[in-house]
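The values are calculated or read from the model by the stated rules, or taken from the named source; none is laboratory data. Bear in mind that the values here come from a model prediction, so they are computed numbers and not experimental data. Cβ sites come from the backbone with ideal geometry, for glycine too, and all protein chains shown count toward neighbours. Heavy atoms of the whole protein, side chains included, go into the accessibility calculation; ligands, DNA and RNA do not. Shrake-Rupley method; radii C 1.70, N 1.55, O 1.52, S 1.80 Å.
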Amino acid sequence: MKTKDKTAIILGATGLTGGYLLNLLLSNDHYKKVILFSRSTVGHTHPKLEEYLIDLLELETHADKFRADEVFCCIGTTKSKTPNKEIYKKIDCGVPVSAAKLCKKNGISTIVLVSALGANVNSSIFYNRVKGEMERDVLNYNIPKTHLMQPSLIGGKREEKRVGEWIFKQLFGLFNLLLVGPLEKYRSIEPETIAKAMVWLANHEYDKTRIESDEIQIIGNK
């Protein structure tokens, strides 16, 4: 475990995984401050919490406030929320890359990001290709401790309705038990498990950069 009295930045704390991550960091004695950058408030106060409501597409204009020991990025949108592919890419790729750029500029040595299983710059699937481009561009900044989480379908209940995603979750619930051995990485995974793995990785030495869903499951249960 690393030193105490750390400051962490979270991007995407209003989302499902980000919400679990926020609660974990606020209750962790190793963190003295948790800074949020988001479009909307998380809706509660805490002595450790410092919140900046901004346009995340203009994150780089807030470089003076972007100072911490660690950065956690849980940014992600959906086709239903962001049908415009250009804007979608600015969010899913642009925001995490801006965060990495600010880490480099401000000497932040740890960044842990949520990507996706199947991320690949050469993928014919737009979603996977964007995630792959994000990973590539983040890694170009050579942040000393970089971890790219590649979860499968993320479980949990969301406030907004995603009918297609709900159907897939029901199917995954049925098929999870059949996914064994090399196929375990395709099992659905809970957001709390991802959040726990992110905190663990930030506080321990781990030699892998890209971490697939089955490995996230193991780390999150440590």
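Using 0.36 nm per residue and subtracting the Cα-Cα separation, the extra length available between Ser123 and His44 on full extension is 24.4 nm. Model label sites at Leu53 and Glu184, defined 7 Å from Cα along the beta-carbon direction, differ in position by 4.4 nm.
Simple spin-label model, 7 Å along Cα-to-Cβ: Ser109 to Ser80 in nm? If labels sit at Ser109 and Ser80, their model points lie 4.3 nm apart. Our note on the geometry: Cα centres of the stretch 198-215 and the stretch 47-126, 18 Å apart.
Per residue, the solvent-accessible area of the stretch 1-120 (1.4 Å probe, heavy atoms of protein chains only, all protein chains present) comes to 47 Å². Taking θ as phi - 60° and the Karplus parameters 6.51, -1.76 and 1.60, the scalar couplings of the stretch 77-86 work out to 10, 9, 4, 5, 7, 9, x, 6, 5, 5 Hz in sequence order, x denoting glycine and proline. Surface calculation, 1.4 Å probe, protein heavy atoms: Ser27 sits at approximately 90 Å² accessible. Modelled spin labels at Asp5 and Lys208, positioned 7 Å past Cα toward Cβ, are 3.5 nm from each other.
Largest first, the residues Leu153, Leu26 sort by 1.4 Å accessible area into Leu153, Leu26.
For a straight C-alpha distance cut-off of 13 angstrom, the aspartates and glutamates reachable from Lys33 (same-chain residues fewer than eight places away being disregarded) are Asp5, Glu50, Glu51, Asp69, Glu70. Per atom type, the stretch 2-85 shows carbon and sulfur on 47% of its accessible surface, probed at 1.4 Å.
Per 0.36 nm of contour for each residue apart, how much would the distance between His62 and Asn221 grow if the chain were fully extended, relative to their Cα-Cα spacing?
In short, 53.7 nm is gained.
Dividing the mean sequence gap of close Cα pairs (under 8 Å, 6+ apart) by how many residues the chain holds gives a relative contact order of 19 percent. Here r is the Cβ-Cβ distance between Ser27 and Asn140 and R0 is 30 Å; the resulting FRET efficiency, rounded to 0.05, is 0.30. Just check the chain against the gyration tensor rule for me: Cα atoms, a ≥ b ≥ c as the square roots of the eigenvalues, rounded for a/c under 1.5, and otherwise prolate or oblate depending on whether a/b exceeds b/c. In terms of gyration-tensor shape, rounded.
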